Amino acid sequence: MTLFLKAVHILSLCSALCSTTALAATQPIKDFGQFYQVPDAQTLAKNSHFKIAFDVSKQATEGELNFAFNSLARFINMHMDSGVPIDNIHLALVVHGGASKDLLADKYYQALYMKTNANQALIKQLLAHNTEVYLCGQSATHFDVSADKLIPGVKLMLSAMTAHAYLQQQGYSLNPF
């Protein structure tokens, strides 16, 4: 009986992995932004438009992915999976505080931590999918992160407060978590 239960467990695990892999293959942000499909969720109109700013200040553990950055990939993947076109999804990532270092280009990150920046591949994909990434200039100056050390495409703003005010003027709402 125990062998039977182990076989059932292995088969269900294989099934779960296969379905997760199939889902990941259809996601526009590859290798990031995993999400659950919710069959009973209210259907989104195909012409839905989103303009949302995400605020991140907490740095990831050295050499690891900043899971707050991953939330933007999850937002894109799950909404595109629900039928919202990428042209209708505009996100902004406003980074300040210790998370400033998570935006360093890999060679500068490695010089600082002797580890690869696990965030670089995600940031590059986000930038390619209608996401603006802004770094607080106040935090950047405090942590000695100059514009030339950033992942290409990341923009330096005067402050995080300035970035949020600017984005609000552009019609962005602030993601509450």
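The values are calculated or read from the model by the stated rules, or taken from the named source; none is laboratory data. Everything quoted here is computed from the prediction, not taken from an experiment. A quick note on method: Cβ atoms are made from the backbone with ideal geometry, for glycine too, and the neighbour counts reach across all protein chains shown. The accessibility values were calculated without ligands, DNA or RNA, using every heavy atom of the protein model including side chains. Shrake-Rupley method; radii C 1.70, N 1.55, O 1.52, S 1.80 Å.
Data overview
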| item | result |
| --- | --- |
| Per-pair calculated FRET efficiency, R0 = 35 Å: T116 and N175 via Cβ, rounded to 0.05 | 0.80 |
| Top of Q34, Q125, Q42 by mean-square fluctuation, Gaussian network on the chain, Cα under 10 Å | Q42 |
| Cross-link pairs K46/K124; K30/K107; K58/K101; K101/K149; K107/K149; K30/K115 - those with Cα-Cα distance over 18 Å | K46/K124; K30/K107; K30/K115 |
| With Cα atoms, 0 to 90° folded angle of helix 160-169 axis to the chain main axis | 70 |
| Percentage relative contact order, the chain, counting C-alpha pairs under 8 Å, at least six apart | 23 |
| 0 to 90° range, to nearest 10: angle between helix 2-25 axis and the chain longest Cα axis | 40 |
| The range 57-122, relative contact order [Cα under 8 Å, separation at least 6], % | 48 |
| Rounded percent of accessible protein surface that carbon and sulfur make up, the chain, 1.4 Å probe | 60 |
| The chain - share of DSSP beta bridges that are antiparallel (%, nearest 5) | 5 |
| For the chain, accessible area per residue (1.4 Å probe, heavy atoms of protein chains only), Å² | 58 |
| Cα-centred dipole magnitude for the chain, charges only on beta-carbon of K, R (+1) and D, E (-1), debye, nearest 20 | 120 |
| Burial ranking of peptide ranges 84-90, 35-41 (average Cβ count within 10 Å, highest at the top) | 84-90, 35-41 |
| Helix-only mean residue ellipticity at 222 nm for the chain, each DSSP H run of n ≥ 4 adding -39500 (n - 2.57), per residue, nearest 500 | -12500 deg cm²/dmol |
| Virtual spin-label span in nm between K107 and T61, 7 Å along Cα→Cβ | 2.9 |
| Only Lys, Arg (+1) and Asp, Glu (-1) charged, at Cβ; the range 77-155 dipole about Cα centre in debye | 240 |
| Rounded FRET efficiency, nearest 0.05, which uses the C-beta distance separating K46 from T141 and R0 of 35 Å | 0.20 |
